[in-house]
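Student: Would you mind keeping the following structure in view while I ask a few things?
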Amino acid sequence: MPATAPVNQAQGWMTPPMKKALLLAALAGACSSMLISADAVVLPCRGQDCGPSSSTIFSRQNVQHVLTTGVTTGTHNRLEINDFIRNNRQWSLFVQALASLQEDDQSSPTSYYQIAGLYGQPFIRYDGSGNPRPPPNTWPGYSIHHSVLYPTWNRLHVALFEQAIQERAVVIAGNYTDPAFQTAAQELRLPFWDWANNSSPPGQVVSDAQVNFVSANGSVQTMTNPLLAYRFHQVDAEFESPFNTDPTTLRHPTGFGTGARSDVAALQGQLASSQDDIMAKTYNMLARVKTWSAFSNSASGDDNSTSNSLEALSDLVQLDVGGRAGHMSDPTVAAFDPIFWLHHANIDRLVSLWEALNPDIWVSQGQSGVGSWTLPQNVSVDASSDLTPFRNSDATFWDSSRIMTTEQIGYSYPDFNGIDMSDPGTVRLSIALQIAELYGPARGSIANSTVSSESTSTNSSEAAPSNQSSFDWTVRVQSAAGALDGSYAVLLFVGPIPEDVADYRDSPAFVGSHSVWTSRVMPGDDVVESFIHLNSALSNRSGLNSTDPEVVEPFLMQNIGWRVVKDDEVLSVEQVPSLDVLASATPMMLEANAALPDYGEPQPYPAITAGQLGGHATSS
């Protein structure tokens, strides 16, 4: 194939030896770390094969369960996507492996379609996990939401996908004569997208229709970009509308059906507008949240929390990526978008960072949230609860207590390079310093305006500043997940709100959003919450020189406001009667030579929002 030859939509980029190798690998599935002999497997079928039902459960003898082992070639780092692309060997193997996985028949339990489909649709029983039908009135996917199990279920889902990609990469690398590619395949792990630092991913993820890779003969070739979208072999007629007419995954689509395209400019614009909000939320979640219940999920309940949960942060990014009618905006189909995996690898990375700061805290007892295919709604769960459908043996499933460390499933993150992991104190300090550097408030913010940069230094020979104190201002937004029959957002402003919704996110007054990521088929009674941090806005836009309540409260009473937006349309706040917007101030102390501040008890200021519909004093 010439170096510049484009690849066909299907397997035109594969050489015959590569096709043969991948076929042999598939036939040898019983020897794969993903598969062992068992008694049942679930095989979906499509309308022309099975009549009016779009999926059928078959019982079969002498077939195989899917095992989630993680990658079994040692512990190697997942790389940030920008760094990963610069690793030419791993990148070349990755895009070929991803394309190969996407081309697998959708009926294969280890295909891209089936592994992604664990999250939501096609809502079928997978690999004999659970009963033939989910419990009544629950979320009918396997994924966990509004529950303490959200982070650990996600960890295993990403590990299973990474395992499938890496096994493909090993097979593909066998066609290369350069042994460096075999080494690259052994070390290849799924890349992550650090959206708090890089709001818009590189072109190879969001805009390039084709990508280059080094082929087995050493030449640079071109192939259809498997990170840009997933093309369904056949769209399931039972997908929620409008996704039952989209032949590929879309981001900020220009329309519906076969003529729709992703709007790259709209995607990049929305991500850019959220950058400050996402960075502040990431920093404060890592620096301030000290309980698993407050960290793990977006269900309301911890009145002392003033920072976002991991799930709330994830929901914001997913809604920003999907946009109106984009796949990432709806949990039923989000995992089919290839960017989902880069995003959720970063979600898992944040679990590792938070765990390093809080080494004595892990999954606590809580509720099952909206339920799943195997969990009824709102039953008690804990670290010993099965994380279905992820099996660690023929007879058992993983649970949260067994995945406290990532090394046992084959990966780590660059944030931990060079750290003595046997010393929790060293780990905590090292990670705290990195978090402050990566995501911490700008030096000019009100909160830090009197704090010298040397305050994060551990070098005692430097002049140590005195302790500095201020207040951190936060707005908590709560609302019912099912209030609007699908995903929506509450946008917060400090200053004049534009009249046109198209101008909201570009307005200097826009501060951040409360993003509710849900679906028409997800139970909607849960109240979810998120937090929007105001100190940067107060510093940059208010003209104030203090965070003291007597200064900030009257300013916010005159300048704060919000709008409810769904599918790029402004809705009346009256349509979300559960909306509750509450401002609070938390004393903050940054001690000399400390990496992260210490926080006191938050003090609510309901008068700030009480005068508006949805404000704390007027919410029902």
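Student: Of everything in region 307-327 that's assigned to a loop (DSSP other than H, G, I, E, B) and in contact with a Lys or Arg (Cβ under 7 Å, 6 or more places away or on another chain), which residue is farthest from P201 (Cα to Cα)?
Tutor: The initial filter retains those residues of region 307-327 that are assigned to a loop (DSSP other than H, G, I, E, B), namely 307-309, 323-326.
Next cut, in contact with a Lys or Arg (Cβ under 7 Å, 6 or more places away or on another chain) only: 307-308, 323, 326.
Numbers: S307: 25, N308: 23, G323: 16, G326: 17 Å.
The selected residue is S307.
Student: Counting just the residues of region 168-206 that are of a type in the set (D, E) and over 21 Å from S219 (Cα atoms), which one comes out farthest from the chain's Cα centre (by Cα)?
Tutor: Narrowing region 168-206 to residues of a type in the set (D, E): 178, 187, 194.
Keeping just the survivors that are over 21 Å from S219 (Cα atoms) gives 187, 194.
Values: E187: 23, D194: 10 Å.
Looking at the filtered set, the residue picked out is E187.
Student: Between A480, A537, which is of a type in the set (A, V, I, L, M) and surrounded by fewer than 20 Cβ atoms within 10 Å (Cβ to Cβ)? Even if it seems obvious, please write down each step before you answer.
Tutor: Details: A537 fails: surrounded by fewer than 20 Cβ atoms within 10 Å (Cβ to Cβ).
None of the other options fit; the residue is A480.
Student: Kindly provide the set of residues from region 243-264 that are surrounded by fewer than 16 Cβ atoms within 10 Å (Cβ to Cβ) and either closer than 23 Å to S515 by Cβ or over 24 Å from the mean Cα position of the chain (by Cα) (or both), ordered by number.
Tutor: T245, T254, G255, F256, G257, T258, G259
Student: Sticking with this one: Assess whether E499 counts as being modelled with pLDDT of 95 or more, in the same structural domain as A583 (by TED's automatic domain parsing) and surrounded by fewer than 19 Cβ atoms within 10 Å (Cβ to Cβ).
Tutor: Yes, satisfied.
Student: Another question about this same structure. Report the residue count in region 573-614 for those that are within 20 Å of D525 (Cα to Cα) and touching a Leu at 6+ places or on another chain (Cβ under 9 Å).
Tutor: In the first step, residues of region 573-614 are kept if they are within 20 Å of D525 (Cα to Cα); the result is 573-581, 614.
So of that shortlist, the ones also touching a Leu at 6+ places or on another chain (Cβ under 9 Å) come out as 573-576, 579, 581, 614.
So the answer is 7.
Student: Which of the residues belonging to region 583-613 are more than 17 Å from V289 (Cα to Cα) and crowded, with 22+ Cβ neighbours inside 10 Å?
Tutor: If the condition is that a residue be more than 17 Å from V289 (Cα to Cα) and crowded, with 22+ Cβ neighbours inside 10 Å, then A583, I608, T609 are the ones that fit.
Student: Collect the residues in region 400-429 that are within 22 Å of Y119 (Cα to Cα) and free of Cβ contacts under 8 Å to residues at least 24 places away in the same chain, keeping them in residue-number order.
Tutor: Within region 400-429, R402 is the sole residue that qualifies.
Student: Quick test for you: out of D236, D277, pick the one residue that is out of contact with any Leu (no Cβ under 7 Å at 6 or more places or on another chain), outside any loop (DSSP other than H, G, I, E, B) and touching a residue at least 40 places away in the same chain (Cβ under 8 Å).
Tutor: Values: D236 fails: outside any loop (DSSP other than H, G, I, E, B).
Selected residue: D277, the only one of D236, D277 that is out of contact with any Leu (no Cβ under 7 Å at 6 or more places or on another chain), outside any loop (DSSP other than H, G, I, E, B) and touching a residue at least 40 places away in the same chain (Cβ under 8 Å).
Student: Restricting region 82-115 to residues that are touching a strand residue (DSSP E or B) at 6+ places or on another chain (Cβ under 7 Å) and of a type in the set (A, V, I, L, M), which is surrounded by the most Cβ atoms within 10 Å (Cβ to Cβ)?
Tutor: If we take residues in region 82-115 being touching a strand residue (DSSP E or B) at 6+ places or on another chain (Cβ under 7 Å) and of a type in the set (A, V, I, L, M), then A99 is surrounded by the most Cβ atoms within 10 Å (Cβ to Cβ).
Student: In region 60-116, what residues are assigned to a loop (DSSP other than H, G, I, E, B) and hydroxyl-bearing (S, T, Y)?
Tutor: Quick first cut of region 60-116, residues assigned to a loop (DSSP other than H, G, I, E, B) only: 60-62, 68-75, 78-79, 87, 104-111.
Residues satisfying the conditions are T68, T69, T72, T73, T75, S107, S108, T110, S111.
Student: Further question: So L267 fits all but one of (1) within 23 Å of the chain's Cα centre (by Cα); (2) over 24 Å from G326 (Cα atoms); (3) crowded, with 19+ Cβ neighbours inside 10 Å; what number is the exception?
Tutor: (2)
Student: Tell me whether region 136-150 contains one or more residues that are in the same structural domain as I339 (by TED's automatic domain parsing), part of a helix (DSSP H, G or I), surrounded by fewer than 20 Cβ atoms within 10 Å (Cβ to Cβ) and not acidic (D, E). Lay out the reasoning, then the answer.
Tutor: At the first step, the residues of region 136-150 found to be in the same structural domain as I339 (by TED's automatic domain parsing) are 136-150.
Cutting the leftovers down to part of a helix (DSSP H, G or I) gives us 150.
Checking which are surrounded by fewer than 20 Cβ atoms within 10 Å (Cβ to Cβ) leaves us with none.
No, the conditions are met nowhere in region 136-150.
Student: Which one is nearest to G614 (Cα to Cα), of the residues in region 537-563 that are outside any helix (DSSP H, G or I) and free of Cβ contacts under 8 Å to residues at least 60 places away in the same chain?
Tutor: Let us first name the residues in region 537-563 that are outside any helix (DSSP H, G or I), namely 542-548, 560-563.
Filter again for free of Cβ contacts under 8 Å to residues at least 60 places away in the same chain, leaving 542-543.
Numbers: S542: 23, G543: 27 Å.
Among those residues, the one meeting the criterion is S542.
Student: For region 384-432, how many residues are in a helix (DSSP H, G or I) and of a type outside the set (A, V, I, L, M)? Give the derivation first.
Tutor: Let us first name the residues in region 384-432 that are in a helix (DSSP H, G or I), namely 400-402, 407-409, 414-416, 424-432.
Now drop any that are not of a type outside the set (A, V, I, L, M), which leaves 400-402, 407-408, 414-416, 424-426, 428, 430.
Count: 13.
Student: Still on this structure, please answer the following. Consider region 582-620. How many of its residues are acidic (D, E) and out of contact with any helix residue (DSSP H, G or I) (no Cβ under 9 Å at 6 or more places or on another chain)? Outline the logic, then answer.
Tutor: Pass one, region 582-620, residues acidic (D, E): 591, 598, 601.
So of that shortlist, the ones also out of contact with any helix residue (DSSP H, G or I) (no Cβ under 9 Å at 6 or more places or on another chain) come out as 598, 601.
Matching residues across region 582-620 total 2.
Student: I've got another one for you. Filter region 523-534 for residues that are modelled with pLDDT under 95 and either more than 27 Å from A299 (Cβ to Cβ) or buried (at least 22 other Cβ atoms within 10 Å of the Cβ) (or both) and give the result. Steps first, please.
Tutor: To start, the set of residues in region 523-534 that are modelled with pLDDT under 95 comprises 523-526.
If the condition is that a residue be modelled with pLDDT under 95 and either more than 27 Å from A299 (Cβ to Cβ) or buried (at least 22 other Cβ atoms within 10 Å of the Cβ) (or both), then D526 is the only one that fits.
Student: What's the number of the condition N198 fails, among (1) crowded, with 19+ Cβ neighbours inside 10 Å; (2) at pLDDT below 95?
Tutor: Evaluating N198 over (1) crowded, with 19+ Cβ neighbours inside 10 Å; (2) at pLDDT below 95 leaves (1) as the failure.
Student: Kindly evaluate T518 against the criterion of being in contact with a strand residue (DSSP E or B) (Cβ under 7 Å, 6 or more places away or on another chain) and touching a residue at least 24 places away in the same chain (Cβ under 8 Å).
Tutor: Values: in contact with a strand residue (DSSP E or B) (Cβ under 7 Å, 6 or more places away or on another chain): no; touching a residue at least 24 places away in the same chain (Cβ under 8 Å): yes.
Against the criterion (in contact with a strand residue (DSSP E or B) (Cβ under 7 Å, 6 or more places away or on another chain) and touching a residue at least 24 places away in the same chain (Cβ under 8 Å)), T518 does not qualify.
Student: Can you name the number of the only condition in (1) within 25 Å of L188 (Cα to Cα); (2) touching a helix residue (DSSP H, G or I) at 6+ places or on another chain (Cβ under 8 Å); (3) surrounded by fewer than 18 Cβ atoms within 10 Å (Cβ to Cβ) that R428 fails?
Tutor: (1)
Student: Can you tell me which residue within region 572-582, out of those that are of a type outside the set (D, E) and over 17 Å from I532 (Cβ atoms), is surrounded by the most Cβ atoms within 10 Å (Cβ to Cβ)? It would help to see each step written out before you state the result.
Tutor: Just the residues of region 572-582 that are of a type outside the set (D, E), to begin with: 572-573, 575-579, 581-582.
Then keep just the ones that are over 17 Å from I532 (Cβ atoms); that gives 572, 575, 577-578.
Numbers: S572: 9, Q575: 12, P577: 14, S578: 16.
Per the stated criteria, the residue is S578.
Student: Scan T183, T222 and give me the residue that is part of a helix (DSSP H, G or I), more than 16 Å from H327 (Cβ to Cβ) and assigned by TED's automatic domain parsing to the domain that holds A325.
Tutor: Values: T222 fails: part of a helix (DSSP H, G or I).
Result of the check over T183, T222: T183.
The values are calculated or read from the model by the stated rules, or taken from the named source; none is laboratory data. Please read all numbers here as calculations on a predicted model, not as lab measurements. Note that each Cβ is placed from the backbone with ideal geometry, even for glycine, and that neighbours are counted across all protein chains shown.
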